[in-house]
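Here is the structure we will look at.
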Amino acid sequence: MESVFAWESSYLAPVLTIGLTTICFIAYWYIAKSETVRNNYIKKYGEEMTKVYYIIFQKYTGVLFLGILPTIIVLIFLPFKLSEYGLNLNNSLTTLYWILGLGILIFVMNFFAARKPENYKIYPQIRIKEWPPKFVVINAITWICYLFAYEFLFRGILLFACIPALGIWPAIAVNTTIYSCTHMLKSRKEAIAAIPFGIILCIITISTGNIWTAFFAHVFLALTNDYFSLYYNPDMKVVK
């Protein structure tokens, strides 16, 4: 009788990438939300500037743990090239149509959603009252870097590595489940919204063979939400 613990080489990719995604996200969250680190920032920069620099620290911690470290590990242990994880220009025109279509939809959606007090009390994550232009730019850059790492891990490494062994729909189910669970740490509303959003991004990613739609859609979502929230929040403003 075959052991229930029998191992096949095809298991390596899903086991490694599911494990990596879970462990790296936990490590990122633990460090990024560390009160010890935050208190050190307060001692060095003061309460007000910590609201800026601590968020920057969180984003770049995400780049390290969600992007750089997982990428190095999978390139060492799995026989896939970066292009096979969705870093390619396949189906460029179709991808562009998806990016523009979702971008317009997200822009309109956030134009109305961001004006709700419950939204602008949370976003943008940098909670300063006066925003000089350099902080507007820094906020955008850190979001772009973080979301590239995040999307490459979820819709790149995790999704494409699981498909050969699990099949398309099981891979989407695993991806969306973990993706939704990571949003539970923010709010139940975001965790629920992450389910249809995650499924849509996975389907588009698989159909185009690249991560660019998922990446740009997530960037549009984050930045329009931040800047519309900044605009609507009566306690915040952009200053010269």
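Values in this text are rule-based calculations from the coordinates and carry no lab data. Predicted model only: the values in this text are computed from it and were never measured. Cβ coordinates were reconstructed from backbone atoms using ideal geometry, including for glycine residues, and neighbour counts include every protein chain displayed.
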*Please find the FRET efficiency linking TYR97 to TRP169, where r is the Cβ-Cβ separation and R0 is fixed at 30 Å, and quote it to the nearest 0.05.*
0.80
*Whether the stretch 1-109 is rounded, prolate or oblate, judged on the alpha carbon gyration tensor where a/c under 1.5 counts as rounded*: oblate
*Using the 10 angstrom Cβ neighbour count as an exposure proxy, how do TYR45, TYR123, TYR28 rank, fewest first?*
TYR45, TYR123, TYR28
*asked:* Which one, ILE104, GLY86, TYR231, projects farthest toward the positive side of the charge dipole computed for the chain from Cβ point charges (K/R +1, D/E -1)?
replied: TYR231
*Expressed as an acute angle from 0 to 90° and rounded to the nearest 10, what is the orientation of the C-alpha long axis of helix 212-232 relative to the principal long axis of the chain?*
20
*About the Cα centre of the chain, what is the dipole size in debye to 20, counting +1 per Lys and Arg Cβ and -1 per Asp and Glu Cβ, all else neutral?*
920
*Which listed residue (PHE215, TYR28, ASN39) has the Cα farthest towards the positive end of the charge dipole for the stretch 9-238, taking +1 on Lys and Arg C-beta and -1 on Asp and Glu C-beta about the Cα centre?*
ASN39
*In percent, how large is the relative contact order of the chain, given Cα pairs closer than 8 Å and 6 or more residues apart?*
32
*asked:* Can you compute the helix-only [θ] at 222 nm over the chain? Use -39500 (n - 2.57) per DSSP H run of at least 4 residues, normalise by all residues, nearest 500 deg cm²/dmol.
replied: -23500 deg cm²/dmol
_Loop trypsin sites (Lys or Arg not before Pro), the stretch 135-226 (other Cβ atoms within 10 Å of the site Cβ: 12 or fewer; DSSP)_ = LYS186
*Return one number: the angle in degrees, 0 to 90 and rounded to the nearest 10, between the long axis of the Cα atoms of helix 35-62 and the longest principal axis of the Cα atoms of the chain.*
30
*Fewest Cβ neighbours within 10 Å first, please rank TYR97, TYR150 accordingly.*
TYR97, TYR150
*Take the alpha carbon atoms of the chain, find their radius of gyration, then divide it by 2.2 N^0.38 Å using N residues; give the quotient.*
1.08
